[in-house]
Amino acid sequence: MRIISILFSIVFAFYLIGCKNEKQESKQKGQAEKDSLLISAKIISDSLQANWGIMIKSDDQKFENIKRLLQEISYTSGYNHLLHDSLVKACDQVKNSRYTQETMDAQAIDNYDALTDKYIGRVMSLAGSTPELPQHPLAEELISEINEANTNTLIKLRVNYGRWVMINNEFVKAYKKELTAAGPPYSEMKELNEFMGSSNVQ
């Protein structure tokens, strides 16, 4: 009987150890899944902000180039002073009318693009009517950079940012409970406006 008792104790001990290991493995698996979730959240958040920053930096540079072009025009003679001065004053006003990360949607983009396109059209009209401007090589370079930034570059950067907005929104929808439980900064992640429906973003 004593041998049976000892054998039973050994078997029971192994059973307890096995249960403990299973619980430990389950706990480790749960922690690994949580860590993976938070790593994904950080990657999405960082990528979203990075693409937003690149897009805004490009737009800011476009307006800096416009200011520099207007300055080049002022170095010539025979340009339209009245139009030039009004364009200089309007430059920051147009840029400051830009959407924010929270308000960016199809309508906000269309409104901003209409205002920007009209403004740049007036700048280019002034440049084209300034006789001495072709003698300023920098002016031609600026005109090229402004037009590129306002077309191909703009669309590409918006599409890149828009993709991360969609990824972010799907992630927040799927893991809202887990993100809230994780606390800041994860609990601060939120859905943002998707704007791919804009006529200017294909």
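Observations on the structure shown:
- Scope the stretch 84-97; condition aliphatic (A, V, I, L, M) and open to solvent by 40 Å² or more (accessible area, probe 1.4 Å); matching residues: VAL88
- The residue of the stretch 138-157 that is farthest from SER125 (Cα to Cα), among those that are part of a helix (DSSP H, G or I) and among the hydroxyl-bearing types (Ser, Thr, Tyr), is THR153.
- Test: residue in the stretch 49-56 that is surrounded by 17 or more Cβ atoms within 10 Å (Cβ to Cβ), without any contact (Cβ under 8 Å) to a residue 60 or more places away in the chain and closer than 30 Å to TRP164 by Cα: no
- Any hit, the stretch 36-43, residues being open to solvent by less than 60 Å² (accessible area, probe 1.4 Å), in contact with an Asp or Glu (Cβ under 7 Å, 6 or more places away or on another chain) and more than 22 Å from MET104 (Cβ to Cβ): yes
- Considering THR76, THR100, THR130, the condition of being free of Cβ contacts under 8 Å to residues at least 12 places away in the same chain and assigned to a loop (DSSP other than H, G, I, E, B) is satisfied by THR100 alone.
- Selection status of TYR112, among the hydroxyl-bearing types (Ser, Thr, Tyr), in contact with a helix residue (DSSP H, G or I) (Cβ under 7 Å, 6 or more places away or on another chain), open to solvent by less than 40 Å² (accessible area, probe 1.4 Å) and closer than 30 Å to GLU191 by Cβ: no
- Total residues in the stretch 70-86, condition farther than 17 Å from GLY121 by Cβ and polar (S, T, N, Q): 4
- Qualifying residue in the stretch 127-134 (condition: open to solvent by less than 40 Å² (accessible area, probe 1.4 Å), among the polar types (S, T, N, Q) and within 30 Å of TYR75 (Cα to Cα)): yes
- Annotation note: of GLN93, GLN49, GLN61, the sole residue that is within 30 Å of ALA174 (Cβ to Cβ) and either outside any loop (DSSP other than H, G, I, E, B) or not acidic (Asp, Glu) (or both) is GLN49.
- The set of residues from the stretch 169-195 being over 11 Å from the mean Cα position of the chain (by Cα), in contact (Cβ under 8 Å) with a residue 24 or more places away in the chain and under 24 Å from GLN107 (Cα atoms) comprises ASN169, MET189, ASN193, GLU194, PHE195.
The values are calculated or read from the model by the stated rules, or taken from the named source; none is laboratory data. If you're wondering where the values come from, they're calculated on a predicted model, not measured in any experiment. Glycine gets a Cβ as well: all are built from the backbone with ideal geometry, and neighbour counts include every protein chain shown. Accessible surface areas use protein heavy atoms only, side chains included; no ligands, DNA or RNA. Shrake-Rupley method; radii C 1.70, N 1.55, O 1.52, S 1.80 Å.
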